[in-house]
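Values quoted throughout were computed directly from the atomic coordinates according to the rules given, and no laboratory measurement underlies them. These numbers come from a predicted model, not from an experiment. Virtual Cβ from ideal backbone geometry, glycine too; neighbours counted across all protein chains shown.
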Amino acid sequence: MSNLSGRILTPDGWVAGRIEYDEKIASVVGDSGGSGGSDDGVTILPGFVDLHVPGGGGGDVMQGLAAIRRCAALHASHGTTSFLATTITAPADDIDAAVAAISEAAQDRGSNEARILGAHLEGPYLNPERLGAQPPFAQAPDLAFIGGLCDRAPIRLVTLAPECDPGHALIKQLAARDVAVQIGHSGADYDAAMEALAAGARGFTHLYNAMSPLHHRAPGVVGAALAHGEYAALIPDLVHVAPGAILAALRAVPRLYFVTDATAAAGMPDGEYPLGRHTVTKRGGTVFLADGTLAGSALTMDQALRNLVSIGVDLADAAQRLATYPADFIGAIDRGRIETGAYADFVALDAELQVTQVVVEGETVFAA
């Protein structure tokens, strides 16, 4: 049995004490009479759960198994203990091959890697006028193809544009299989977004970005999210969304959660990197297409945490939105929380919120 001591964020609040664990958490033991921080200044948060990860560490998910493992190792070193490897818009054969590699990686976690919980399909059923940095392979929904993928691999989340899904047949099929559906890369109006929610969509992909915006006489997808969304994902790199818009979303969406949308450029120096069949350029911490379009990010979850705290978000609230809410959204209720019986997934931070240790399923995968 291992243990780790510090100021621990539990579902019931902060506890000064220690976690005793093997693969799962055996107990959280408070110091007698203690209610403040630990003597060594260590803060222990539930491991981050990132539901939108197209790449990292130079590896692009669409490149296959070796690249996915590079991605899993890079994000583990930044506090992500589990994630959804994310495919992007591509020909069907490319998606099929990537999903097969994701499934293989999910079954066999490497010793320095985060746990892959399954796949997030971002497309290809997107509005071709709202692709953003997605490659130009938008398609009409193919229910048989998606059904086959779900039969063969752990598909946990699908992003689609509801206007590209006549009668919401795909949303209904996915909801019936317990696959979470998010609205994204969509030009739908408010009413169409509401119809998609009624059909079984449950969230919104990178809120504000690549979707019809909020106007007071045309609320769009953003308006539907702010008025009715229980869950929505947002990229808090402070480039995709301005701080004031993040704070507005926090007031409106009860379980707003945060993702990186990290490309292969995450954790790498400036230069060119793959994004599916695109090439993107990292400059100064931001990732672009040649025409200047934002192309995912180079964000990591520990930097997301620091960014949120820097704009006034409470540390405990930020941590919950980086761990507990995303885990809950895909039904992974044994992740994203520090409590007895949950997986021993946590990240230790110093006083500057820099990562000092990362534990995945009881194994230290990173130590500063």
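Numbers for the structure displayed
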| quantity | calculated |
| --- | --- |
| For SER212, SER27, SER82, SER297, order by how many other beta-carbon atoms lie within 10 Å, fewest first | SER27, SER212, SER297, SER82 |
| Cα gyration tensor shape for the stretch 238-337, rounded if a/c is under 1.5, else prolate or oblate | prolate |
| Stokes-Einstein D for the stretch 156-306, Kirkwood Rh over Cα pairs, 37 °C, 0.692 mPa s (µm²/s) | 204 |
| Listed residue (ILE44, LEU207, ALA66) projecting farthest to the positive dipole end of the chain, Cβ model | LEU207 |
| Check: the stretch 144-188 dipole with +1 on Lys, Arg Cβ and -1 on Asp, Glu Cβ, in debye | 140 |
| Karplus-derived HN-Hα couplings along the stretch 237-252 (A = 6.51, B = -1.76, C = 1.60, θ = phi - 60°), whole Hz, x at Gly and Pro | 7, 6, 10, 4, 9, 5, x, x, 6, 5, 5, 5, 5, 4, 6, 9 |
| Extreme residue, positive dipole direction of the stretch 47-334, given options THR293, LEU174, GLY187 (C-beta unit charges) | THR293 |
| Net charge dipole size for the stretch 5-141 [Lys, Arg +1 and Asp, Glu -1 on Cβ; Debye, nearest 20] | 120 |
| Cβ-based charge dipole, the chain, positive-most Cα from TYR343, LEU157, THR10 | LEU157 |
| Computed P(r) (all Cα pairs; the chain; 20 Å bins; percent) | 32, 59, 9, 0 |
| Beta bridges by DSSP in the stretch 47-334, antiparallel share as percent, to the nearest 5 | 30 |
| Charged-residue dipole, Cβ positions (Lys, Arg, Asp, Glu), the stretch 47-334 about Cα centre, Debye nearest 20 | 400 |
